[in-house]
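Here, each number is a calculation from the coordinates, and none is a lab measurement. Since this is a predicted model, take the numbers as computed values, not measurements. Neighbour counts run over all protein chains shown; Cβ positions are idealised from the backbone, glycine included.
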Amino acid sequence: MKYQKKIHEKILKDTIPIRGEAQTIFSNLRDNFCTTLETYETNSVSANQTFQINEWVRKDGGGGISSILRGSIIEKAGVHLSTVYGVLPAGALSDQKSEAMDFWASGISVIIHPSSPFIPSAHLNLRMIVTDKYWFGGGADLTPMLKIKRSEKDKDTVLFHKYLKTACESSPQYNYNKFKKNCDTYFHIEHRNENRGTGGIFFDNCQSKDPNTDLSFLKKVGQNFICAYKEIIESNIDKTWTESEKDEQLHFRGRYVEFNLMYDKGTLFGLKTGGNIDSILSSLPPLVRW
C-alpha cells in the first residue's frame, strides 16, 4: 500500500497539466450540454424550466456539481461533473486488485430522457482516472424506446453512429469498430438476453503516447454527441404519439432501470466511492412501467 501510494503521488504530480485540461474539457462540455437542452425548453410550455444546480462535497475528498432538468420536451436530464480522490475501496474498479488503493478521478456524466417516445434516451460518460497509472475511459450510447426504432438501421441510430465514428477517426488507436463492439457487449442485459439500446461506443484503459491526443478525442466525442443528439431531437420533436407508443416507451425504460441497477459500472463506482446519490441515481427515468 505504501509503495502504491508513492507511485500514485508521483503520477499525480506528473499529470497536473493533463488533469487540469481534462477538467476544463468536462466543464466546457457540461456548459454546452446544459445550454443546448435548456434551449428546447424555452420554446415549450415549460419555458421557465432550467437546470437545477446542486454543488456537493464528498467527505472523503473532492466533490462535484449535479445539474438536473425537468421539462416538457426533456422530461428529465442529468448533467454532472465530479472530481473525487482518496482511498478507492476494493472492488470499485472491475480490474482492481483485491486491496484498496489511492485514486483520483474526474469526469462528466450525462443522461437524457425525453418526453416523446420518438426521441431516444441517450447517455454519455467521459472520465480520467489515476491510481498507480492513469487512463481515460467513457462511452456514449443511444436507447430508442419504440420497437420500430430499436434497430441499427433506424435513421437516428445511423446518424448517431456516424458522428461517433467521426470522433474515432482522429487516431488509429481509437478504433470505432472495436469500441462499438465493446458497447454492444457492455450494454447487454444478460437476464433478458437483449441489448439496452442500439449501441454507440465504449472504451476504457485508453492511453496513447500523447495525452493531448487522448484529451482531444474525449472532447470530440462529447462535442459530436451534442451535435448528433440535437439533430435527433429536431427531426422528431414535432411528432405526435399515441397512448400505446407512450406505453412502449415506459416499458423499455424499465429495461433501462434494470441494467443501471444490476450491471452499470458507473453506478457501482459512484456508490462504492461515496459519490452524490442524487447524481448517481439520476440516470433512472422519472416514469417507468413493467
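Worth a mention:
- Distance between the modelled labels on Lys239 and Lys209, one decimal in nanometres: 4.7 nm (7 Å Cα→Cβ projection).
- Result for the chain in a Gaussian network model with C-alpha springs under 10 Å: among Asn205, Asn224, Asn43, the largest mean-square fluctuation is at Asn43.
- Charges were assigned to the Cβ only: +1 to each Lys and Arg, -1 to each Asp and Glu. The resulting dipole of segment 2-273 about its Cα centre is roughly 640 debye.
- 3J(HN,Hα) from dihedral phi, segment 125-136, Karplus parametrisation 6.51/-1.76/1.60, rounded to Hz, x for glycine, proline: 9, 9, 8, 10, 10, 10, 10, 9, 7, 10, 7, 10
- Efficiency of FRET from Cβ geometry, Trp290 and Cys227, R₀ 30 Å, rounded to 0.05: 0.30
- Using just its DSSP H runs of length 4 or more, each adding -39500 (n - 2.57), the chain gives a mean residue ellipticity at 222 nm of -14000 deg cm²/dmol after division by all residues.
- Note, ³J(HN,Hα) from phi for segment 210-221, Karplus 6.51, -1.76, 1.60, rounded to Hz, x at Gly and Pro: 10, x, 5, 5, 5, 5, 4, 5, 4, 4, 5, 4
- Length gained when the stretch Leu261-Asp31 is fully extended (0.36 nm per residue, less Cα-Cα span): 80.0 nm
- Pair Arg70, Asp278: separation of 7 Å Cα→Cβ label points (nm): 1.1
- The longest part of the chain holding none of the exposed loop GluC sites (Glu not before Pro), meaning those outside H, G, I, E and B in DSSP with at most 15 other Cβ atoms within 10 Å, is 191-290.
- Partner aspartates and glutamates for Lys10 [C-alpha distance under 19 Å; skip if fewer than 8 residues away on the same chain]: Glu21, Asp102, Asp132, Asp210
- Against the chain, whose longest principal axis comes from its Cα atoms, helix 16-42 is set at around 10 degrees.
- In the list (i) 27, 22, 17; (ii) 30, 27, 17; (iii) 32, 20, 19, the label attached to semi-axes √(5λ) of the Cα gyration tensor in Å as derived from the coordinates here is (iii).
- Relative to the longest principal axis of the Cα atoms of the chain, helix 2-14 runs at roughly 70 degrees.
- Residue (of Ile237, Phe225, Thr273) at the positive-pole extreme of segment 211-290, dipole from beta-carbon charges: Thr273
- Between the Cα long axis of helix 155-168 and the first principal axis of the chain there is an angle of about 20°, rounded to the nearest 10.
- With θ taken as phi - 60° and the Karplus curve 6.51 cos²θ - 1.76 cosθ + 1.60 applied, the whole-hertz 3J(HN,Hα) list for segment 172-189 is x, 5, 8, 7, 4, 4, 5, 5, 5, 4, 4, 5, 4, 5, 5, 8, 8, 8 Hz, x standing for glycine and proline.
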